[in-house]
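Below is one structure; the comments refer to it alone.
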Amino acid sequence: MTKKNVVVSDTKAGMEITVPVSDSSLFPTAVQKPPSSGGYMTISRKKRLQNLDINGGGTERINTWVDSMRASSPTHYKSNSSVAQDHLNSWMVRHPSALDMFDQITKASKGKPIVMFLDYDGTLSPIVNDPDRAVMSDAMRETVRKLARYFPTAIVTGRCRDKVYNFVRLPELYYAGSHGMDIMGPSKGSQYEKTVNESVLCQPACAFLPMIDEVYNVLLEKTRSTPGAMVENNKFCLSVHFRCVEEKKWSELAQKVRSVLKDYPELKLAQGRKVLEIRPTIKWDKGKALEFLVESLGYTNFDDVFPVYIGDDRTDEDAFKVLRERGQGLGILVSKIPKETNASYSLQEPSEVMKFLQKLVEWKQVPLRRQFRMKRQIEGIKIIPTPSDQICLS
Ligand SMILES: [Mg+2]
């Protein structure tokens with residue numbers, strides 16, 4: 001039995017416990033097991049070839065990635081053509097604006113507690129050329145802070161958890177970094193931390209850390225000669241950013257990345273918005289992280305809760321898919337252009353995400369304000385000792 005490195009931290013006891021878990025659910029095949037401690041696992045040549053085929057696919061596969069990256073860029077979408085406009089219109093019918101459909105969305109929750117899941121880049125912050133400068137506006141931070149007062153809120157990102165925490169700086173949130181492979185609960189100040197295991201920490205890819213660090217250094221060296229290429233170490237996964245690389249160099253850079261991965265069949269490649277992601281081949285993604293967090297909040301039955309997930313990238317599709325397949329909650333894709341998605345609704349950009357979150361806060365505040373006013377009125381009823389013993393509101 002392979003021991004999966006799920007670490008459950010118990011801050012009350014001041015300790016962390018490593019829970020051995022059967023490999024059956026996380027590691028579907030021998031080739032996808034993490035390396036054992038102290039060295040990397042060996043795999044048969046046949047299995048290595050199978051995995052290379054998954055990660056590989058030759059020049060055709062590289063071209064597909066590059067074409068897909070170009071197509072998913074709003075600057076390449078010719079929205080002025082009538083065909084493109086028709087395409088956008090029909091897409092919007094299938095994925096209407098979450099702002100326009102706000103009443104339907106809140107009605108769909110049917111009084112169940114709403115739990116919010118928010119991607120970071122392109123959702124709470126605009127996409128920028130330098131990933132280290134993807135700061136969140138003060139207005140967005142204030143909106144998310146208010147949101148978390150009324151709804152359990154998690155940031156789910158491909159970034160390193162510590163890095164995204166430094167951008168968001170709200171200790172009352174849940175953070176799931178490295179595509180959900182690094183999950184931590186609110187550190188303080190959350191009303192939810194008393195009702196759930198606030199110190200919950202899930203790191204199913206711990207055994208891959210030495211390999212990720214090694215590949216990070218190899219990729220730094222390999223991509224050094226490509227102007228604009230950036231390699232980001234997200235702790236349990238890596239990102240190779242293409243957004244500052246000339247488009248004519250994209251194929252060459254993708255080829256370099258793939259050539260490095262040939263020596264690491266335990267890692268897989270995925271494509272995002274002008275980025276290639278390198279991740280361990282374990283069955284864990286943003287969808288699994290969503291399920292883990294919902295359960296951690298005490299909702300063992302998805303029927304009792306209404307998760308709302310907002311994200312802009314391919315990796316968010318894993319979470320959208322979970323919600324669609326379960327028929328619970330809903331996904332909202334942030335995109336200005338039509339994309340194949342499992343999300344139900346859409347928002348165009350982070351400014352619209354902020355408006356949607358503000359509406360959610362207002363929607364929650366209205367009945368609470370009404371209750372507060374009624375309570376004040378009831379408390380304010382005093383018997384005024386008048387000759388007629390009138391009952392008056394003070
Ligand atoms: Mg994103």
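The values are calculated or read from the model by the stated rules, or taken from the named source; none is laboratory data. None of the values given here were measured: they were computed from a predicted structure. For neighbour counting, all protein chains shown are included, and Cβ atoms are generated from backbone atoms with ideal geometry for every residue, glycine included.
Observations on the model:
- Residue list for region 120-132, filter: in a helix (DSSP H, G or I) and away from the ligand (no atom under 15 Å from the Cβ): Asp132
- Flag for Glu362 being more than 15 Å from the ligand (Cβ to nearest atom) and at pLDDT below 95: no
- A Cβ distance below 7 Å, combined with a sequence gap of six or more or placement on separate chains, defines the contacts here; from region 271-300, residues that are away from the ligand (no atom under 16 Å from the Cβ) reach residues that are part of a strand (DSSP E or B) and small (Gly, Ala, Ser) in the pairs Leu293/Ala154; Leu293/Ala176.
- Test: residue in region 338-346 that is at pLDDT 95 or above, among the hydroxyl-bearing types (Ser, Thr, Tyr) and out of contact with any Pro (no Cβ under 9 Å at 6 or more places or on another chain): yes
- Once region 253-269 is narrowed to residues that are out of contact with any Ser or Thr (no Cβ under 7 Å at 6 or more places or on another chain) and without any contact (Cβ under 8 Å) to a residue 60 or more places away in the chain, the residue that is nearest to Pro210 (Cα to Cα) is Tyr264.
- Enumeration of residues in region 219-252 that are of a type in the set (D, E, K, R), assigned to a loop (DSSP other than H, G, I, E, B), over 20 Å from Ser68 (Cβ atoms) and without any contact (Cβ under 8 Å) to a residue 24 or more places away in the chain: Arg224
- For region 187-218, filtering for residues that are more than 19 Å from Asp285 (Cβ to Cβ), modelled with pLDDT of 90 or more and in a loop (DSSP other than H, G, I, E, B) leaves 0.
- Annotation: of all residues in region 103-135 being under 24 Å from Ser296 (Cβ atoms) and free of Cβ contacts under 8 Å to residues at least 60 places away in the same chain, the one that is surrounded by the most Cβ atoms within 10 Å (Cβ to Cβ) is Tyr120.
- Val156 being at negative phi, surrounded by fewer than 16 Cβ atoms within 10 Å (Cβ to Cβ) and within 15 Å of the ligand (Cβ to nearest atom): no
- Under the condition of being assigned to a loop (DSSP other than H, G, I, E, B) and either touching a Phe, Trp or Tyr at 6+ places or on another chain (Cβ under 8 Å) or within 13 Å of the ligand (Cβ to nearest atom) (or both), the residues counted in region 306-343 number 12.
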